[in-house]
Amino acid sequence: MRKLTHEQLKVPGTLVSVCFALAILPLSPTMMSWVWILFLCALGVVWAKVVKKIRPLNNATLNLLAIFCMLLLVFFSGKFGLLSTMINLLIVAGCLKLITMRSFADFHLIIVVVVFLVACGFIHHQDLLLSSYYTIVLFATLSSAYFLNSGKLKHAASIKQSMKLIAQTIPITVILFIMVPRLPPLWEAASKNSSSTGLSENLTPGDIANLAQSGDLAFRAEFTDTIPAPEERYWRAIVLDYFNGTTWSMSEEMSTFENTPDVTPFGEATRYLIIAEPNDLRWQYSLDYPIVEEVMSDRAIQRNSSYQLFTAKDNTKASLYIVNSYMDMPLNQYMSQYERQRHLQTPREGNPRTRAYIADTIDASMDTSARVSAIVDMFKSSQFAYTLKPPLMTVDPVDQFLFEYQRGFCSHYATSLAYMLRLADVPARVVTGYQGGELQNKNILTVRQYDAHAWVEYWAENEGWKRIDPTAMVAPNRLMSGLFSSITEEEGDLVERPFNLSEFNDAAIIRQIRDFLVLIDHQWTQSVLRFDQDSQRDLIKKLFGDFNAKNMTTFMFVALGIIVLFIALVFLPYKSWFSRTAPSALSTLLAFLEQHGMQKKPHETLKQFSTRISPKLNSRQQKELTRFVNRFYRAQYANKDAEPKEFERLLYSLKLSFKSKR
């Protein structure tokens, strides 16, 4: 077994350890906490080996550590699911190899682990930024392998070889992406906490205020024609119709995933493409009265009676679909008596001051329009304020918000208004989703988590569900110009805004660069996600005229043939097959020595070169090199020609001497 020297461990070993760390960073949400501890310990051991030159751990200790890690994996596997457990197993294997790294075989196994971790990363992320990140990780990993296996070859040459190898894999990757059948996954990724990843099916005042402090991407919408005005961009997601006095949630009827047939739409359609990030829920996003035209992901999208778009399973990966929204159409022009009672439900007790206020304000003779107007007049008072830092309201939260604090976020206003409307005998419900979005490249809207919003829908006879947004009365800039125009500078600092150059919009060139980067990312995501089974089937039809098993097999063999041909052109020494002169013994010698980090300088003679590198060789290598050099000089200058086989024997002996060194 070839041992690693301290010099080899210092540069290649440190580099491959860094690559291992970079490969697991995007997978951190799936990592168990104790695996993080093991990972940090492994990095500490590598540092101690490089800096302190400590001895490696003995095999008994390592075996006990490995058994303990396996027991922990089995114990926690039920909480993390199969895929996450397998990823943690791979990370544990890499950590243990880092701790034991002492030979070339250990080093190469760590490289294999890094490659598999990168492949696991693509299960969770396929966006352009992380794809570029993974490419850099692979490039650095290959460079570490070249640093180790090329002796004292210059780092520049190793980097050049790594770049060449990465470039050679690109066409093969593209062909495989097109060729490999789109099969359903064998597992599902573990769900994340909705409080950090997106909306939730429960809403307590203050929840969206927490979500609005995240700058994560929620989705992008690409419009075909006219983009709705900012105040019309209400992206519907979840409808909440049950209130227990503190929290709004979905009733059993509302959470039933039953598809409803489309009615004949009227009015002008707004057509757009949605590319949605995973939200770990079944709900998707759309403007009002959506009709799904096409779904480019592997899960069908349907619509229920509340005009929510949903899928059969939680959205654990990005979705891509096209929607036509008829924003002038009313929602549900008919309501049964049972539905009316369900949307008038309120707790029997709690919030007494709000109950008393509604009893004093609403007269039985008022129609629906008058009742709504009388209630929303309350929010037009200058006493109400819009803030990301509302006080905590735990007891009778509606009373506390309306009559004590009068400071809150959109969820406070929406939940309070819906509750008051129900007390006034007006059917109402809370809708959560997103409002607005940043316009980029003229027809692309980028919607982030800080655009999360809540509003109210109330029922009007013969008109259906009508939207009313109390936030618009308190903070009208929120609808027209986004969140940051309606909060203080201090509160704006709470929001985790991504680095997207948006703070430099005043400079035209910065704005153009930002829009260009967004366009590239959008096109990448659309191209990767849109290429599904149907796209593959259409390509085969275009090439072969029909889609059947025979043509699919032909397509795969043709693609594999192209890959084999490409690999042959890259790696086979076909040029030497057709060359008229065979390589000389001297050129073969110089090429062999260069592979071992010893390169002849242009101005050197063979004698000078051999003298310079002699200190780097052992006695046997020096002897064999001297024999070759002397014979070469006799053949060149003493007219003592040698048979080609003689030089072949000398070269063979020299190569054997290098193998014996190892």
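The values are calculated or read from the model by the stated rules, or taken from the named source; none is laboratory data. Everything numeric in this text was worked out from a predicted model, so none of it was measured. Cβ: placed from backbone, ideal geometry, glycine included. Neighbour counts: every protein chain shown. Protein only, heavy atoms only, side chains kept; ligands, DNA and RNA dropped before computing areas. Shrake-Rupley method; radii C 1.70, N 1.55, O 1.52, S 1.80 Å.
Residues in the stretch 324-340 that are within 22 Å of GLU222 (Cα to Cα) and at pLDDT below 85: none. If you go through the stretch 28-62 and keep only what is open to solvent by 50 Å² or more (accessible area, probe 1.4 Å) and either of a type in the set (Phe, Trp, Tyr) or not in a helix (DSSP H, G or I) (or both), you end up with TRP36, TRP47, LYS53, ILE54, ARG55, PRO56, LEU57, ASN58. Screening GLU404 against (1) assigned to a loop (DSSP other than H, G, I, E, B); (2) farther than 23 Å from TRP465 by Cβ; (3) without any contact (Cβ under 8 Å) to a residue 60 or more places away in the chain leaves a single unmet condition, (1). Residues that are in a strand (DSSP E or B) and open to solvent by 10 Å² or more (accessible area, probe 1.4 Å) within the stretch 434-458 comprise GLU438, LEU439, ARG448, TYR458, listed in sequence order. When ASP532, ASP506 are screened for being open to solvent by less than 40 Å² (accessible area, probe 1.4 Å), within 32 Å of the chain's Cα centre (by Cα), acidic (Asp, Glu) and at pLDDT below 75, only ASP532 passes. Criterion applied to SER319, SER306 was being modelled with pLDDT under 90, under 15 Å from TYR458 (Cα atoms) and open to solvent by less than 30 Å² (accessible area, probe 1.4 Å), and the one residue passing it is SER306. Here the stretch 140-182 is the region considered, the condition is being more than 30 Å from VAL558 (Cβ to Cβ) and of a type in the set (A, V, I, L, M, F, W, C), and the residue that is modelled with the highest pLDDT is ALA140. Across the stretch 341-353, the qualifying residues are those that are in a loop (DSSP other than H, G, I, E, B), of a type outside the set (S, T, N, Q) and touching a residue at least 12 places away in the same chain (Cβ under 8 Å), and the one among them that is surrounded by the fewest Cβ atoms within 10 Å (Cβ to Cβ) is GLU349.
The residues of the stretch 408-428 that are of a type outside the set (Gly, Ala, Ser), crowded, with 24+ Cβ neighbours inside 10 Å and not in a loop (DSSP other than H, G, I, E, B), listed by number, are CYS410, HIS412, TYR413, THR415, LEU417, TYR419, MET420, LEU421.
Among the candidates ASP469, ASP451, the residue that is under 19 Å from TRP283 (Cα atoms) and among the acidic types (Asp, Glu) is uniquely ASP451. Restricting the stretch 354-401 to residues that are over 21 Å from VAL426 (Cα atoms), open to solvent by less than 50 Å² (accessible area, probe 1.4 Å) and among the polar types (S, T, N, Q), the residue that is modelled with the lowest pLDDT is SER381. Close Cβ contacts (under 8 Å, 6 or more residues apart or on different chains) running from residues in the stretch 600-615 that are more than 14 Å from PHE632 (Cβ to Cβ) to residues that are of a type in the set (S, T, N, Q) comprise SER614/GLN622. Per the conditions (1) open to solvent by 60 Å² or more (accessible area, probe 1.4 Å); (2) under 30 Å from GLY81 (Cβ atoms); (3) at pLDDT below 80; (4) over 20 Å from the mean Cα position of the chain (by Cα), the sole criterion not satisfied by SER196 is (4).
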